[in-house]
Amino acid sequence: MRTYEYDQLTNTTAAPRPVAAPTAPRAVRQARPRRRWLTASAAVLLLPPSAALTARVLDVDGPLPLPQLLAFLPWFLVPGWLALAGGVLARRPLLTGWSLAVLGTTAWFLQPHGAEQRVPTQEPLAQVRVLTANLEFGAATESLFQALRRERPHLVSVQECDRRCAAALETAEWREAYPYRVIAGREPAEGSALLSVYPLSEESRIPGTLSMPGAVADVHGVPLRVQVVHPMPPRLGSMDAWAAELGHVRKAAGGRGETRTVFAGDFNAGQDHAAFRAVLDTGLRDAARLLGHSRTPSWPSATAPWLGTQIDHVLVSEGVVPVDGRFLDLPGTDHRALLTDLQLH
């Protein structure tokens with residue numbers, strides 16, 4: 001029998017050596033934190049516009065801060081493009097798709113809301129010039145007077161006409177220029193005024209925290225209802241009032257009957273707010289939109305026209321055709337005034 005002799009040293013079984021994990025290249029290790037940072041930054045950029053666009057798709061305004069975000073919907077393109085660049089650089093397909101969805105939805109809603117302009121071929125019954133201006137607690141009263149002397153509007157909707165403004169309107173110059181007027185409220189934000197060169201009758205008022213007077217002007221024998229609009233802004237503590245008062249505006253617009261109508265003022269809302277679109281759905285049309293200025297900012301004046309939103313409007317019913325219009329800068333107020341020439345047909 002063959003005998004095997006085992007050496008004690010060779011009889012021991014050596015423990016296997018651990019195999020070292022392959023080391024990622026240095027460039028890959030450095031890229032990982034950058035990709036994570038790009039991913040997180042792009043997601044943060046996309047969250048606010050995504051929430052606001054969801055409200056827009058659902059045709060609601062939503063809670064704060066969605067109404068404020070909706071007012072600046074065109075600017076959603078900025079975080080959308082930045083997030084798209086981040087998604088591509090981070091190689092995140094889902095993030096890239098999310099960014100494209102935000103950009104596409106924003107582009108879709110950039111289309112103006114409302115009917116197309118149809119200008120009748122026959123001669124108008126009359127032509128009137130309408131000016132609406134928010135004076136920011138009366139601070140722009142003198143600027144308003146300069147605009148009135150220069151532009152000579154026939155009908156003027158004034159918001160935030162304080163006691164100084166109301167007193168100035170009672171002077172001989174403005175009594176002669178606008179012998180017909182309705183002045184409601186005297187507090188800095190509450191006060192409003194409707195000035196007219198035409199006789200006024202059938203005075204009315206839309207309920208609200210801020211004064212919203214209206215009346216029917218006799219424009220050379222053609223009745224024209226003119227309504228001042230100034231609901232509360234959508235801020236903390238006034239969201240319910242904002243929605244309710246725009247609802248009152250919509251109700252008044254829907255109940256206007258066959259009389260030619262102009263709603264002019266600071267609506268504190270624009271075409272990306274469901275509450276404002278509800279007013280347009282009564283058949284009123286936005287004069288600025290019909291004239292090609294649907295995205296021209298009117299607030300805040302400090303950054304307009306490059307950055308801002310349009311919340312000052314002149315809305316018209318059937319039988320009233322806008323033929324010219326422009327926004328005016330009024331020193332002393334954070335709003336731009338809107339001057340519109342309207343034909344009555």
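The values are calculated or read from the model by the stated rules, or taken from the named source; none is laboratory data. Just so it is clear, the structure is predicted and the values come from calculations on it, not from any experiment. Virtual Cβ from ideal backbone geometry, glycine too; neighbours counted across all protein chains shown. To get the accessible areas, we keep the full protein, side chains included, count just its heavy atoms, and leave off ligands, DNA and RNA. Shrake-Rupley method; radii C 1.70, N 1.55, O 1.52, S 1.80 Å.
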Calculated FRET value between Leu64 and Trp37, using beta carbons and R₀ = 30 Å, to 0.05: 0.50
Radius of gyration and Dmax over the Cα atoms of segment 62-111, both given in Å: 12.0, 34
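Between rounded, prolate and oblate, where does segment 138-253 land on the alpha carbon gyration tensor, with a ≥ b ≥ c its root eigenvalues, rounded for a/c under 1.5, else prolate if a/b exceeds b/c? Let's see the in-between values first.
Values: a/c = 2.32, a/b = 1.32, b/c = 1.76.
Oblate, because a/c is 1.5 or more while a/b does not exceed b/c.
Please say if segment 108-187 is rounded, prolate or oblate, where rounded means a/c under 1.5 for a ≥ b ≥ c the square roots of the C-alpha gyration tensor eigenvalues, and otherwise the choice is prolate for a/b larger than b/c and oblate otherwise? The partial results should precede the final answer.
Details: a/c = 2.78, a/b = 1.54, b/c = 1.80.
Oblate, since a/c reaches 1.5 and b/c is not below a/b.
What range in the chain is the longest one free of chymotrypsin sites (Phe, Trp or Tyr not before Pro) that are in a loop by DSSP and have at most 14 other Cβ atoms within 10 angstrom? Mind showing how you got there, number by number?
Values: sites that count: Tyr4, Tyr6, Trp306.
Here the longest segment lacking exposed loop sites spans 7-305.
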Integer Hz, Karplus 6.51/-1.76/1.60 couplings in order for segment 314-321, x for Gly and Pro: 10, 9, 10, 8, 4, x, 10, 10
For Asp324, distant residues with modelled amide H under 5 Å away: Asp341
Nearest-0.05 FRET efficiency for Glu142 and Thr209, computed from C-beta distance (R0 25 Å): 0.40
Most fluctuating residue given options Ser238, Ser298, Ser157, as computed from a GNM of the chain linking Cα atoms under 10 Å: Ser238
Per residue solvent-accessible surface (Å²) - the chain, probe of 1.4 Å: 51
Rg to Rh quotient for segment 54-149, alpha carbon positions, Kirkwood Rh: 1.19
Extent along principal axes [Cα atoms of the chain; Å; largest to smallest]: 137, 44, 33
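Semi-axes, largest first, in whole Å: what does sqrt of 5 times each Cα gyration tensor eigenvalue give for segment 205-345?
Details: eigenvalues 102, 75, 35 Å².
Rounded to whole Å, the semi-axes are 23, 19, 13.
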Under Karplus coefficients 6.51, -1.76 and 1.60, residue-wise ³J(HN,Hα) of segment 188-204 in Hz, glycine/proline x: x, 8, 6, x, 9, 9, 10, 10, 8, 8, 9, x, 10, 8, 6, 4, 8
Cα-projected label distance for Thr121 with Glu170, points at 7 Å along beta-carbon direction, nm: 5.4
Longest segment of the chain lacking trypsin sites (Lys or Arg not before Pro) that sit in a DSSP loop with at most 14 other Cβ atoms within 10 Å: 119-234
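What's the longest bit of the chain with no exposed GluC sites (Glu not before Pro), using DSSP loop states and at most 16 other Cβ atoms within 10 Å as the test?
Between exposed loop sites, the widest span is 6-115.
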Projected label distance in nm at Leu94 and Tyr180, using a 7 Å step from Cα toward the beta-carbon: 6.5
Isotropically averaged projected area of segment 220-290, using the convex hull of Cα atoms (one quarter of hull area), nm²: 5.1
Of Thr96, Thr333, Thr132, the one that fluctuates the most in a GNM where the chain has Cα springs shorter than 10 Å: Thr96
